[in-house]
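Only one structure is covered here, and it is reproduced in the block below.
The values are calculated or read from the model by the stated rules, or taken from the named source; none is laboratory data. Everything quoted here is computed from the prediction, not taken from an experiment. We place every Cβ from the backbone using ideal geometry, glycine too, and count neighbours over all the protein chains shown.
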Amino acid sequence: MLHLYRKKALLSYFAAACLLGGGLLFPSSSKAQFGGIELNMPDHDAKPYYFGITIGVNLARFQTELHPRFLQDDSVFIAEPVNSGGLTLGLSATGRLSNRFQLRFNPQLMFIERGIYYKLKYPDINGDTVVTKKVESVIMTFPFQLKFQSDRIGNFRVYTFIGFKADIDMASNARARKAEELVKIEKHDWGPEFGIGFNFFFPSFIFSPEIKISNGIRNIHARDENLKFSSVFDKIQSRMIVFTIHLEG
């Protein structure tokens with residue numbers, strides 16, 4: 001009799017455990033199964049402001065328009081921009097506007113090398129008819145961005161943003177005197193930015209990978225009709241795709 005009662009009791013226990021989702025028999029696994037995830041930094045959304053650091057890489061190029069003189073030029077057959085990469089370092093300060101909107105200031109120092117491919121009719125001093133002229137830039141950029149964020153799903157969130165930037169090229173060669181082999185670029189630029197990012201909440205920081213498009217709207221070409229490599233262009237604008245990681249607290 002005791003054996004039969006014991007057997008019935010065990011069967012009843014397992015039946016109840018199944019109905020409760022395994023909560024009696026496996027309490028920890030049932031919590032994970034039903035989404036009972038412990039939130040990291042649960043009070044972060046209530047902060048009026050917070051700070052962070054930014055590291056990243058960029059893919060940059062020039063957007064060019066040829067000058068009418070190019071059709072009359074007898075020394076340059078082809079002049080086309082090429083893509084190149086660089087590094088980005090910066091800081092960020094974010095202020096809370098509402099549950100959905102935030103305002104972010106994200107100054108960065110960008111190391112960029114952009115190039116232009118030329119095919120020449122006559123060999124240059126090195127005997128080459130195909131050359132790539134590189135323009136190195138060290139840019140201080142000052143973006144202001146408006147962020148729109150989703151609801152937090154556990155320790156994850158997605159956001160989008162739009163903003164405006166102002167750039168200062170610390171390595172500008174616009175006033176270089178001996179510039180026969182250069183393409184002169186102006187020091188200042190500005191333009192819109194937009195992108196998307198993701199917040200991953202950890203116990204002591206937020207890991208936020210982000211990708212954005214950053215375009216300049218100003219003509220940054222300091223054109224000189226006496227320069228073979230520069231005179232073929234009428235307009236040069238900046239184009240950039242930036243992948244960054246923000247570490248925020």
- Filter segment 87-123 for residues that are among the polar types (S, T, N, Q) and under 18 Å from ALA171 (Cβ atoms) and give the result. THR88, GLN108
- Note on the structure: Within segment 39-62, the residues that are surrounded by 13 or more Cβ atoms within 10 Å (Cβ to Cβ) and assigned to a strand (DSSP E or B) are TYR50, GLY52, ILE53, THR54, ILE55, GLY56, VAL57, ASN58, LEU59, ALA60, ARG61, PHE62
- Check segment 148-155 and report whether any residue there is surrounded by fewer than 18 Cβ atoms within 10 Å (Cβ to Cβ) and under 20 Å from ASP189 (Cα atoms). no
- Message: If ASN99 satisfies all but one of (1) in a strand (DSSP E or B); (2) touching an Asp or Glu at 6+ places or on another chain (Cβ under 8 Å), what's the number of the condition it fails?
- Response: (1)
- Before we move on, is LEU87 touching a Leu at 6+ places or on another chain (Cβ under 6 Å) and either under 19 Å from THR244 (Cβ atoms) or at pLDDT 95 or above (or both)? no
- Item | Selection status of VAL232, in contact (Cβ under 8 Å) with a residue 24 or more places away in the chain and in contact with a helix residue (DSSP H, G or I) (Cβ under 8 Å, 6 or more places away or on another chain) | yes
- Message: Looking only at segment 89-122, count every residue that is more than 27 Å from ALA60 (Cα to Cα), touching a residue at least 24 places away in the same chain (Cβ under 8 Å) and of a type outside the set (A, V, I, L, M, F, W, C) and tell me the total.
- Response: 7
- Task: Can you tell me which residue among LYS147, LYS119 is in the same structural domain as ASP189 (by TED's automatic domain parsing), touching a strand residue (DSSP E or B) at 6+ places or on another chain (Cβ under 8 Å), closer than 29 Å to VAL82 by Cβ and part of a strand (DSSP E or B)?
- Result: LYS119
- Message: Yes or no: segment 67-78 includes at least one residue that is surrounded by 14 or more Cβ atoms within 10 Å (Cβ to Cβ), more than 27 Å from ASP224 (Cα to Cα) and charged (D, E, K, R).
- Response: no
- Message: I need the full set of residues from segment 105-126 which are surrounded by fewer than 20 Cβ atoms within 10 Å (Cβ to Cβ) and more than 30 Å from LEU182 (Cβ to Cβ), in order please.
- Response: PHE105
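Conditions tested, residue by residue: (1) in contact with a strand residue (DSSP E or B) (Cβ under 9 Å, 6 or more places away or on another chain); (2) assigned to a strand (DSSP E or B); (3) touching a residue at least 60 places away in the same chain (Cβ under 8 Å); (4) over 17 Å from THR94 (Cα atoms).
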site	(1), (2), (3), (4)
VAL183	yes, no, yes, yes
TRP190	yes, yes, no, yes
PHE194	yes, yes, no, no
PHE243	yes, yes, yes, yes
HIS246	yes, yes, yes, no
- Subset of segment 196-236 [assigned to a strand (DSSP E or B) and surrounded by fewer than 18 Cβ atoms within 10 Å (Cβ to Cβ)]: ILE196, PHE198, PHE200, PHE207, PRO209, ILE211, ILE213, ASN215, ASP234, LYS235
- Any hit, segment 172-186, residues being modelled with pLDDT of 95 or more, in the same structural domain as GLY85 (by TED's automatic domain parsing) and surrounded by fewer than 18 Cβ atoms within 10 Å (Cβ to Cβ): no
